[in-house]
1. Go through Thr112, Phe83, Phe70 and say which Cα lies farthest out towards the positive end of the charge dipole of region 65-129; charges sit on Cβ, +1 for Lys and Arg, -1 for Asp and Glu.
2. Long-range amide H contacts for Phe9: which residues qualify at under 5 Å (H placed 1.01 Å from N, peptide plane, sequence gap of 5 or more or a different chain)?
3. Under a Cβ-Cβ cut-off of 9 Å, what is the net charge of the residues other than Gly23 that fall near it, where Lys and Arg count +1 and Asp and Glu count -1?
4. Might you tell me the accessible area per residue for region 1-89, computed with a 1.4 Å probe and given in Å²?
Amino acid sequence: MRELGGGPFGAIVVKDDKIVGVGMNKVTRKNDPTAHAEIQLLRKAGEQQKNYRLIGSTIYVTLEPCTMCFGAMVHARIERIVFGASDPKTGVCGSCINLNKENFFNHKIAITGGVLEEESSELLRLFFKSRRTLKLLKKSKPIIPSVPAINKVICNNSGRLPYFTLKLLFAKFVSIS
């Protein structure tokens, strides 16, 4: 995912204690504004389950979902959302608004936010910092850093983002439930 430039935005869906789908942000790679990690995940899980309804499933995501992603999760009948970092700009699970409390949806989702929030927030902060650094480098030098150099900034040489983070998020949530 890092090689694709999608950033540390990832999601997994778990049903019956099994991971049935993994998604990553592909907005810039696909030039598709709907290619958020959650949407990619729902598409894959729906195909794998041969049903767009993912009843009894839990989605673990690094960042609080936006309006589009939350709406898709409602239509998929996701049972629970667990997210790491809050999103004060576009988050709809409590940061900007809590769409789950609105009465115009015919399905309610249990929401748990702030699980590994510091770790998730730090990953996001480092990612955006590296993007700003790249923009400055593009303006000042004709040479753009290599993908491994960018990965070093984003991943602190771990090379395990975001799937590793999502597994930690999942493990942390399961241990506190």
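The values are calculated or read from the model by the stated rules, or taken from the named source; none is laboratory data. Just so it is clear, the model here is predicted, and its values are computed rather than measured. Here the Cβ is made from the backbone with ideal geometry for all residues, glycine too, and neighbour counts use every protein chain on show. The area values use the complete protein model at the heavy-atom level, side chains included, leaving out ligands, DNA and RNA. Shrake-Rupley method; radii C 1.70, N 1.55, O 1.52, S 1.80 Å.
1. Phe70
2. Here Asn25 satisfy the definition.
3. +2
4. The answer is 45 Å² per residue.
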